[in-house]
Ligand SMILES: O=C(O)CCC(=O)C(=O)O
Ligand SMILES: [Fe+2]
């Protein structure tokens with residue numbers, strides 16, 4: 001893989017953001033994007049623990065997809081105060097993924113300010129994500145291929161990103177938003193996954209208060225180097241081909257996959273996992289024979 005460092009700026013004007021990053025669909029980390037938000041000073045584990053202590057939170061670990069699981073169905077639940085204790089005391093695989101904390105605890109909404117880098121932000125409350133030391137979010141892209149503004153708090157997080165042009169080399173699972181779950185994106189084994197040699201992407205780290213812009217449909221893998229949490233705001237995909245894919249994913253892909261899981265059970269999941277390798281390696285062979293002929 002060839003990963004280049006994600007650009008970093010302290011602050012940026014709307015105009016420069018649109019010109020240099022949105023139009024080019026290039027990721028960037030803005031280090032002081034929210035320095036004037038109350039959340040910048042207030043949001044840490046102690047605060048969340050105090051304000052949301054008795055909320056039941058949905059938790060996910062890194063077990064592989066099982067045909068019995070519903071779409072985004074949690075693996076466990078726990079009280080927020082107990083979960084934050086767990087995050088701080090010991091390594092845990094349990095993550096919170098896409099949780100509407102700001103709806104559960106409306107007081108938190110006072111801690112952020114309208115955010116405007118020239119893209120309209122989708123209405124509806126932002127989602128939150130939490131993770132413990134060394135836990136990771138599987139490599140995926142979001143179903144709506146939105147532009148994502150991802151704000152990180154408390155800890156430090158590693159990020160790896162790819163655009164949709166890399167798909168044929170990523171060991172992507174058909175009818176899903178993920179790739180083979182046994183690839184370690186922090187340090188992939190290119191002997192085992194040779195197509196990754198041809199992949200280009202980005203990497204970077206996020207620390208407290210920093211914001212990452214992920215362009216439309218970008219694949220993302222996030223590894224919590226230290227325990228922390230994040231919030232994402234989204235702006236709808238504008239490129240026609242991304243919008244079309246978003247509609248297809250939401251209206252067709254999801255239901256087709258659910259139907260196949262019901263009909264064929266674990267065989268369907270196993271088949272798709274096997275196909276991910278075969279298809280990617282067929283593509284790799286084509287590329288390699290072309291370059292040998294040239
Ligand atoms: O931080 C995470 O755990 C995942 C974030 C994510 O997938 C997103 O913001 O879309
Ligand atoms: Fe995501």
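Just so it is clear, none of the values below were taken in a lab; they were calculated from the coordinates. Source: prediction; values computed, not measured. Using ideal geometry, Cβ is built from the backbone for each residue, glycine included, and neighbour counts are taken over all protein chains shown.
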Scattering curve values for the stretch 2-293, log₁₀ I(q)/I(0), Debye with Cα scatterers, q = 0.11, 0.13, 0.14 Å⁻¹
-0.69, -0.97, -1.13
Rounded if a/c is under 1.5, else prolate if a/b beats b/c, else oblate: with a ≥ b ≥ c from the C-alpha gyration tensor eigenvalues square-rooted, which is the stretch 236-294?
oblate
Distance between the stretch 236-294 and the stretch 38-117 - C-alpha centres, whole angstrom
30
Residue 2 to residue 61: extension gain in nm, 0.36 nm per residue of separation minus the Cα-Cα distance?
18.4 nm
What is the stretch 19-98's relative contact order, in percent, from Cα pairs under 8 angstrom and six or more apart in sequence?
31
Using alpha-carbon positions, the gyration tensor of the stretch 178-282 gives root eigenvalues a ≥ b ≥ c; with a/c under 1.5 called rounded, otherwise prolate if a/b exceeds b/c, else oblate, the class is oblate
Between residue 50 and residue 225, Cβ-based FRET efficiency (R0 35 Å, step 0.05) works out to 0.90
Using 1/(1 + (r/R0)^6) with R0 = 22 angstrom and r between the beta carbons of residue 243 and residue 283, what's the FRET efficiency to the nearest 0.05?
0.30
For the stretch 151-218, one quarter of the surface area of the C-alpha convex hull, expressed in nm², comes to 5.2
Value of [θ]222 nm, deg cm²/dmol, for the chain, DSSP H segments ≥ 4, -39500 (n - 2.57) each, nearest 500
-7500 deg cm²/dmol
